[in-house]
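Heads up, the thing below is written out as structure tokens.
What follows draws every value from the coordinates through simple rules; no lab data is involved. Remember, it's a predicted structure, so these values are computed and weren't measured experimentally. No Cβ is skipped: glycine too gets one built from the backbone with ideal geometry, and neighbour counts run over all protein chains shown.
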């Protein structure tokens, strides 16, 4: 990872282009989950994390150019084509024709929407804690199409199919990854810093 941008610079870039605090928190959540899956797959944890962190870098300022404008922004900040491709691929079939090929890209595509669903489940819990969320509670809400309607279940299922992984496993490990950042985002059951 010698020629790539540091995590600090990546976060500065995200903060420059993203004023919505919830979008920054979403970036931090996706970063944590990507790092978790990188560890599980013996992949480059720092690289996966940075890609997760900045995946929505163009969304706040350029919502109509999401997964397109990111290319210019990332090139300007010295990111390689590999990183740019990965970020663009998470919008595959929605706002991008860039197809996820590498396992890293497929996981980003899958967990981006899933983190939103899990977050919504956590906010319904008595203590608003990710430690109260389990596979069963997510699956129960999964079936309620009106619940967290913005979390595209079809994309999550397509991603699981692309990966050849069991959806239950992906949900469980996404919860585990999100728990790594629970206190930072105010979802550990003790914090008053709620989203």
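Highest mean first, the peptides 61-69, 171-179 sorted by other C-beta atoms within 10 Å per residue fall in the order 171-179, 61-69. In terms of overall dimensions, the C-alpha atoms belonging to the range 75-151 reach 44, 23, 21 Å along their principal axes, ordered largest to smallest. Working from label points 7 Å from Cα in the Cα-to-Cβ sense, the residue 9 to residue 102 distance is 1.7 nm.
Taking 7 Å steps out from each Cα toward its Cβ at residue 131 and residue 61 produces label points 3.9 nm apart.
Return the single residue from 163, 123, 40 with maximal mean-square fluctuation; model: Gaussian network over the chain, springs between Cα atoms under 10 Å. Largest GNM mean-square fluctuation: 40.
Most tightly packed first, judged by the mean number of other beta-carbon atoms within 10 Å of their residues, the peptides 49-57, 142-150 read 49-57, 142-150. Binning all Cα-Cα separations of the range 7-179 at 10 Å, short to long from zero, yields these whole-percent fractions: 10, 41, 37, 11, 0.
Relative contact order of the chain, please, whole-number percent, based on alpha carbon pairs below 8 angstrom and at least 6 residues apart. Rounded, it is 20 percent for the chain.
For residue 43 and residue 184, the difference between the fully extended length at 0.36 nm per residue and the C-alpha to C-alpha distance is 48.3 nm. Each peptide in 113-121, 152-160, 133-141 gets a packing score, the mean of other Cβ atoms within 10 Å over its residues, and the list from highest to lowest is 113-121, 152-160, 133-141.
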